[in-house]
Amino acid sequence: MDWNQLESEIKEVFRGDASGHDAAHTLRVANLARAIAREEGADEELCRLAALLHDVDDWKLVGGAMGQSTRARALMARHHIGKDTQEQVVGIIASVSFKGTDSVVPPTLEGKVVQDADRLDAIGAIGVARAFAYGGAHGRVMYDPEIPPRPDMDEKAYMANRGTTINHFYEKLLLLGDMMQTAAGKTIAASRHAYLKAFLEEFLAEWQGNR
Ligand code: ADP
Ligand code: NI
């Protein structure tokens with residue numbers, strides 16, 4: 001397995017993305033997934049591979065055709081990954097994504113590891129930055145106190161939602177801490193969750209322009 005080659009192909013897929021889905025996100029998730037996998041006794045290579053491929057077919061990048069994993073399969077075929085491993089990876093990828101109240105707990109340990117790693121990159125300082133990058137790229141306003149957050153949307157409502165970036169904190173980011181599936185993930189999430197809350201508190205305190 002030529003990991004360097006796969007990583008350069010991944011960088012090519014995400015080239016130029018400024019919506020929070022850049023290659024750096026994928027590489028961080030792969031690193032986190034490997035670290036968590038070692039702590040949890042999961043299959044590190046499988047976690048690394050699934051993490052590297054987890055966003056290459058994302059609906060926000062590719063549009064439509066969700067769950068087909070076309071690009072992930074093509075990349076794996078090019079690297080002569082066996083059919084069984086390909087199916088395991090596709091299964092992991094299908095189970096990791098956040099879909100509001102329709103999100104699932106991955107059935108395998110490796111799925112749990114990759115899901116935790118992906119979600120950890122959506123909270124903490126990087127998570128704050130990614131949320132505003134996403135909001136800007138999609139023309140969302142940062143905050144509007146007149147638009148209330150909707151924290152319990154199902155998959156359809158979550159995907160159709162066009163709310164503010166601050167609402168996204170209440171609709172997704174603040175929920176992630178309690179959704180961690182591994183012990184290592186929970187430990188890392190605790191400080192990142194606290195950071196998110198502190199950020200929000202400061203943001204809202206500054207919002208009115210009072211001194
Ligand atoms: P996942 O990889 O769990 O499916 P997404 O692809 O939904 O996560 O999100 C990728 C990044 O974009 C995350 O950092 C997420 O917080 C951010 N993001 C997604 N939707 C929104 C939104 N409506 N407003 C702000 N940020 C968003
Ligand atoms: Ni991701």
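What the table below lists for this structure:
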item	result
Label point distance in nm, residue 147-residue 186, each placed 7 Å from Cα along Cα→Cβ	3.5 nm
Point-charge dipole on Cβ atoms (K/R +1, D/E -1) for the chain, about Cα centre, debye to 20	280 debye
Contour excess over end-to-end distance, with Cα ends at residue 203 and residue 79 and 0.36 nm allotted per residue	40.0 nm
C-alpha long axis of helix 183-207 to longest principal axis of the chain, angle in °	30 degrees
Residue among 139, 85, 35 farthest towards the positive dipole end of the chain, charges placed on Cβ	139
Calculated diffusion of the chain, Stokes-Einstein form, Kirkwood radius summed over Cα pairs, 4 °C and 1.567 mPa s, µm²/s	73 µm²/s
Low-density loop cleavage sites - chymotrypsin sites (Phe, Trp or Tyr not before Pro) in segment 104-167, where at most 14 other Cβ are within 10 Å (DSSP)	none
Listed residues 83, 156, 197 arranged by accessible area, highest first, probe 1.4 Å	156, 83, 197
Segment 71-205 - accessible surface per residue (Å², probe 1.4 Å)	49 Å²
Length released on extending from residue 1 to residue 24, taking residue separation times 0.36 nm less the Cα-Cα span	6.2 nm
Net charge over other residues, Cβ less than 15 angstrom from the Cβ of residue 199 (K, R count +1; D, E count -1)	+1
Calculated FRET value between residue 137 and residue 178, using beta carbons and R₀ = 30 Å, to 0.05	0.60
Point-charge dipole on Cβ atoms (K/R +1, D/E -1) for segment 38-158, about Cα centre, debye to 20	420 debye
Percent carbon-and-sulfur accessible area, the chain, ignoring ligands, DNA and RNA, probe 1.4 Å	51 percent
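The values are calculated or read from the model by the stated rules, or taken from the named source; none is laboratory data. The structure displayed is predicted, hence computed values, not measured ones. Note that each Cβ is placed from the backbone with ideal geometry, even for glycine, and that neighbours are counted across all protein chains shown. Heavy atoms of the whole protein, side chains included, go into the accessibility calculation; ligands, DNA and RNA do not. Shrake-Rupley method; radii C 1.70, N 1.55, O 1.52, S 1.80 Å.
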